[in-house]
Amino acid sequence: MNSSLSRDSQVQIMEGTVDNAEKYLGQFCLLLASYTRKNARLRDKVDLLIKQIMDFANTENPEMRRCLKDFGEEMSKIQDYRQAEVERLDAKVIGPLKEYGRLTKSKRADIKKFNSVRNREMKELEKLQRLKQRNPSDRQGISLAEASVQKASVDVSHTTHQLEEIIFKFQQQKLKDIKAIFSNFVTVEMIFHSKALEMYTNAFQHLNNFDEEKDLAAFRSKVCISEFENDARPSQTHSSSSLQPSPGSQPGKRLGEATREREKSNRNKLRTPPRVLHAHFQEDESDDEEEEEDEVEELQDLSDDGYAQYAKIRK
């Protein structure tokens, strides 16, 4: 009986070892597989981001275009290392963990086999006990039953030793694999992050070297063409002093001089080519405003007859 109890405790420990390995290593496999898939999705998202950066760079000025393309190339290198990270995690971490699904199933079969052998021993013991109770004088039957119990006990003992070795090797392999799996995980992550840090440093340097003033100067040269054209236009030097009345002058005389000046100006404008007139259109408008102000002052001194003559000429 004590032997049977010790074996029950032994089997419980073995079953607990296999159950815990199946439960927790299975969870490790699921979570690390999810982690790997998310890294793969992150790689794909960053690839899309890089494509948008490159497309945007093609719309910018050379300085910004060069900066963004260098930045995008460094980010692309990081995604190459991320791809290598995904492949290494799948091979060195996920693969070995998947094997424990098969291993734990095999160890469960070994424990089930041991339980069946032990149950057969228990049945032989119960049969012997019933035979002794029912027919104690049947020596031959009792001897055969005892032989069957002895054989079952030998099978149980042999199966127990086999199961002990199997579970011991399983535990040994599990400890070794857990150490290797997480060591590989850390190594793969360290390699990726060290390379990524180098690439991120280069990307930051490209952004830091970007000359904003040079880019703005190129942009200003494109959008501020009108300023340079205005600076290049010849300035008009129309003097309104010729229209101002001199002290002591007569209104009629001033009107005659103003009329002759305007007729001369009109004749000159008629001889001016259309393209020249068009080039000075905006300047003529500003000059007209100045002339109208001067005309108001002149009209205050003109007589009614002079005003009528002036208005006819102006019209």
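The values are calculated or read from the model by the stated rules, or taken from the named source; none is laboratory data. All values reported here derive from a predicted model rather than from experimental measurement. Every residue, glycine among them, receives a Cβ derived from its backbone with ideal geometry; neighbour counts consider all protein chains shown. Protein only, heavy atoms only, side chains kept; ligands, DNA and RNA dropped before computing areas. Shrake-Rupley method; radii C 1.70, N 1.55, O 1.52, S 1.80 Å.
Quick notes on this structure:
- Matching residues, the range 169-196, being of a type outside the set (Val, Ile, Thr) and under 24 Å from MET75 (Cβ atoms): GLU189, MET190, PHE192, HIS193, SER194, LYS195, ALA196
- Some residue of the range 114-135 being surrounded by fewer than 17 Cβ atoms within 10 Å (Cβ to Cβ) and not in a helix (DSSP H, G or I): yes
- Condition met for CYS29 (assigned to a helix (DSSP H, G or I), over 16 Å from the mean Cα position of the chain (by Cα) and within 30 Å of GLU165 (Cα to Cα)): yes
- If only residues of the range 197-227 that are within 20 Å of GLU74 (Cα to Cα) and among the charged types (D, E, K, R) are counted, the one that is surrounded by the most Cβ atoms within 10 Å (Cβ to Cβ) is GLU198.
- Residue that is surrounded by 16 or more Cβ atoms within 10 Å (Cβ to Cβ), of a type outside the set (Asp, Glu) and part of a helix (DSSP H, G or I), where the choices are ALA147, ALA152: ALA152
- Residue within the range 136-144 that is surrounded by 12 or more Cβ atoms within 10 Å (Cβ to Cβ), among the hydroxyl-bearing types (Ser, Thr, Tyr), free of Cβ contacts under 8 Å to residues at least 60 places away in the same chain and in a helix (DSSP H, G or I) present: no
- Neighbours by Cβ (under 6 Å, 6+ apart or cross-chain): first from the range 84-98, over 16 Å from ASN39 (Cα atoms) and in contact (Cβ under 8 Å) with a residue 24 or more places away in the chain; second part of a helix (DSSP H, G or I) and among the β-branched types (Val, Ile, Thr): PRO96/ILE181
- Note on the range 96-112: residues that are more than 41 Å from the chain's Cα centre (by Cα) and surrounded by 14 or more Cβ atoms within 10 Å (Cβ to Cβ) total 4.
- Residue within the range 179-193 that is modelled with pLDDT of 75 or more, within 30 Å of GLN10 (Cα to Cα) and open to solvent by less than 50 Å² (accessible area, probe 1.4 Å) present: yes
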